[in-house]
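Report on the following structure.
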Amino acid sequence: GNSVTQMEGPVTLSEEAFLTINCTYTATGYPSLFWYVQYPGEGLQLLLKATKADDKGSNKGFEATYRKETTSFHLEKGSVQVSDSAVYFCALSDRTGGFKTIFGAGTRLFVKA
Amino acid sequence: EAGVTQFPSHSVIEKGQTVTLRCDPISGHDNLYWYRRVMGKEIKFLLHFVKESKQDESGMPNNRFLAERTGGTYSTLKVQPAELEDSGVYFCASRGQSNSPLHFGNGTRLTVT
């Protein structure tokens, strides 16, 4: 079945550091890929998405590229801010799974001033 | 538009008691989902409603969990009787189209003691 694996946290960075959170997936079909973010005390919200191979999703300075050959969708940001501290979830959905969204375990990011 | 709302935000109950969680999706969203995150692990799918019908309940852990969506508007998830392993954060999400991103509520943190 479909699954998502992402790097374990927590990840602790200083402000303005470069961020990478790795995500790989297993899917029987051609999934859409997502990154969701959960800020403290809030629900998950969509950060970015990509619907086909080689697409790049981007938002708020974050980027992720859909790599079919490596089944990956790594999240990157060139310069993190304290306000980026949150839990980040990689996810996928596809037609063969009835568009059910499957999530990874989440990676907690702490950014220090 | 109003977002997905969940009630209560926190619930602490004793083993053997009953708890009912409520979710009000975004108005007009036919698709409603329940998810659960236990102890920092992945967010696991519980079930999916399309309007008032259960489309997929493959993630429901056992028959102590009962979900309803009468009239195709709000949904309830009842746990009866609660066990210690039911503790976690229960998220509700909704969306209009099957493959559009999910809109999440803030979750209900359930603690069973």
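Brief remarks follow.
- FRET efficiency, 1/(1 + (r/R0)^6) with R0 22 Å, evaluated for A:E42 and B:T76 via beta carbons: 0.45
- Relative contact order (%) - chain B, alpha-carbon pairs under 8 angstrom, separation at least six: 37
- Among the residues of A:30-41, the average count of other protein chain beta-carbon atoms within 10 Å of the residue beta-carbon is 2.
- Distance from the range A:19-93 to the range B:85-113 (C-alpha centre basis), Å: 19
- Based on alpha carbons, the Rg and Dmax found for the range B:8-113 are 13.1, 39 Å.
- Hull-based mean projected area of the protein assembly as shown, where the convex hull spans the alpha carbons, in square nanometres: 12.2
- Of A:A27, A:G98, A:Q6, farthest towards positive along the dipole that unit charges on Lys, Arg, Asp, Glu beta carbons give chain A: A:G98
- Under 5 Å, built H, 5+ apart or other chain: amide partners of A:M7: A:N22
- Counting only Cβ charges, +1 for Lys and Arg and -1 for Asp and Glu, the dipole size of the range A:1-97 around its Cα centre is about 360 debye.
- Of the cross-linked pairs A:K49/A:K112; A:K68/A:K112; A:K68/B:K44; A:K100/B:K78, those separated by over 31 Å at the C-alpha level are A:K68/A:K112.
- Net charge of neighbours whose Cβ lies under 15 Å from the Cβ of B:S58, counting Lys and Arg as +1 and Asp and Glu as -1: +2
- Per residue of B:34-44, other chain Cβ atoms within 10 Å of the residue Cβ number 4 on average.
- Counting only residues at least eight positions apart within a chain, or on another chain, the aspartates and glutamates with an alpha carbon under 15 Å from that of B:K15 are B:E83, B:E85, B:D86.
- Sequence-separation-based contact order of chain A, relative, with Cα cut under 8 Å and 6+ spacing, percent: 37
Each value in this text was obtained by applying a stated rule to the coordinates, not by laboratory testing. Nothing here was measured: the structure is a model prediction, and the numbers come from that model. Backbone-built Cβ (ideal geometry, glycine too); neighbour counts: all protein chains shown.
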